[in-house]
1. Treating cross-link reach as a plain straight distance, find the lysines whose alpha-carbon is under 28 Å from the alpha-carbon of A:K105, omitting any fewer than eight places away in the same chain.
2. Would you tally the net charge around B:G111, using a Cβ to Cβ cut-off of less than 12 Å, leaving B:G111 out, and scoring K and R as +1, D and E as -1?
3. If you line up the Cα atoms of segment B:26-145 on their principal axes, what length do they span on each, largest first, in Å?
4. Within a Cβ distance under 10 Å of B:E139, other residues only, what is the Lys/Arg minus Asp/Glu net charge?
Amino acid sequence: MVSEPRSNGTPVTRAPEDKPRRGCKLVLLLLLSLAHACMTGCASVPSRQFQQQVGPPIPFQELLEEREIHKGEMVILGGYILETVNEPHGSLLTILQAPLDSRNKPKSQDLSEGRFLLRTEKFLDPEIYTKGRKLTVGGKVSEVLPQPLGNRMYRYPVIEAEELYLWSKETRYIRPYDPYYDYWHYPWHWYRYRPYP
Amino acid sequence: MAVTWAVRLVGICLVSLMLGCATGISREARSQVTYYGSFAALQTAPDEHMGKIVMLGGKIIETTGSETFSEITVLQLPLGRRDRPQDGDRSRGRYLVRSEEFLDPAIYEKGSLLTVVGRLSSSEVRSIGGFQYAYPLVEAIEIKLWPRAREAYPRVHFGIGVGASF
C-alpha cells in the first residue's frame, strides 16, 4: 500500500473521468456475481414446476402404514441410499428416509422414520449412486412392496421418480496434525516465540 | 554481472515452469487423437466411430487381467486442466480400456483417476445387475494413472497480519 501524503483539506485528485467509470464497472461486476450466485445457489430442488404439483406434505408414517388414499399423489422425499439395483428397464433404489430441511436436503439419518423404494426408468450407475449418499426425489406414490429385511418382511412404499437430485459429497476440511499449529497466535506465526504465555 | 544473473534466474524459472506444466499424456499420443466429440455421442453410436482415436478420462471401477491382456472398467469423467479427470458426479457413463501390457490391479486400483488415449473398438454388452450395458471399448495407446490426491492442505502458509507486542 502506498500512502499518499495529504495536505489538510485537499484530497489527492485523480483524472476526473477515470474514477466513476471504474466505480460503474465494479457495481456491474458485483451485480453480475450476485445474479450468478442467485441463479446457481437458489435453484430449487425439485424444480418449481414439480413443487407446484405437490400438495401439503404427507407424514412419512402415513406412507408406511399402507393407506391407499395416498396412491398417485405427488410427494417430495429424501434420504440416504442403501442400495442401487439395476434392472433390465431401469433402477430400483432402497432409501433410508430422512426428514428434509428448508432446501429439501435430507437431514441426519438418525432422524429416519423408515425406508422406501425408488423406481426410475433411467439407468443409474451404482458407482455413482453409492451407499450413504444423500438424495432428494420428487415422485408419485405407487404400491407397497413387501421385501425381506433380516428375518422379517418390510413393507416398502414405492415412489415412481419424476425428478431426482443427488447431493454432492460433502468434503469436510480436516486439518491434519500440524506440530507448528498454534491456536493462540494463529495467523501471526512470527509472534510464536514470545517469551511469555 | 547482475544482468547475467537475472537472465539465468529467468531461464531457470522458465524451465521449471515448463517441467511443472507437463501434461499427463505425451505429445505423440495426443497428436494422434482424431475424435473430439462428446462421450455421450460416442456411447449412443459406438460403431460409427470405430477406429477413431480418443482421449478419455475417468475413475477406475475394476481392473482384471487374463493371460493375453488386461482390462480396466472405467467410470467416465470429463477432462479438466492438463488432461486430468475432474472427480465428481458429472459422469456420462462407463467404458472399457484394454491393454496388451500387464496392468497390476494393485496399482490400477479402484477409485484411481486415469486418462487414456486409445483406439475405439467394437462395444461390448455386459450386465450391471439386470441391466444390459453397452461399454465402448478402447484399445489403449497410452495410459496415464494420476497419483492419488492427498488430503491436501497448503504446505506454505502466507499470512498478513497486524499485531502489536508490548
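Computed from the coordinates by the stated procedures, all read-outs in this text should not be read as laboratory data. Source: prediction; values computed, not measured. Methodologically, a virtual Cβ is constructed for each residue, glycine included, from the backbone with ideal geometry; neighbour enumeration extends over all protein chains shown.
1. Straight-distance partners of A:K105: A:K71, A:K122, A:K131, A:K134, A:K140, A:K169, B:K59.
2. Values: positive: B:K59, B:K110, B:R148; negative: A:E127, B:E62, B:D87, B:E109.
Overall, the nearby charge balance is -1.
3. 34, 30, 30
4. On the way: positive: B:R98, B:R119; negative: B:E100.
Value of the local net charge: +1.
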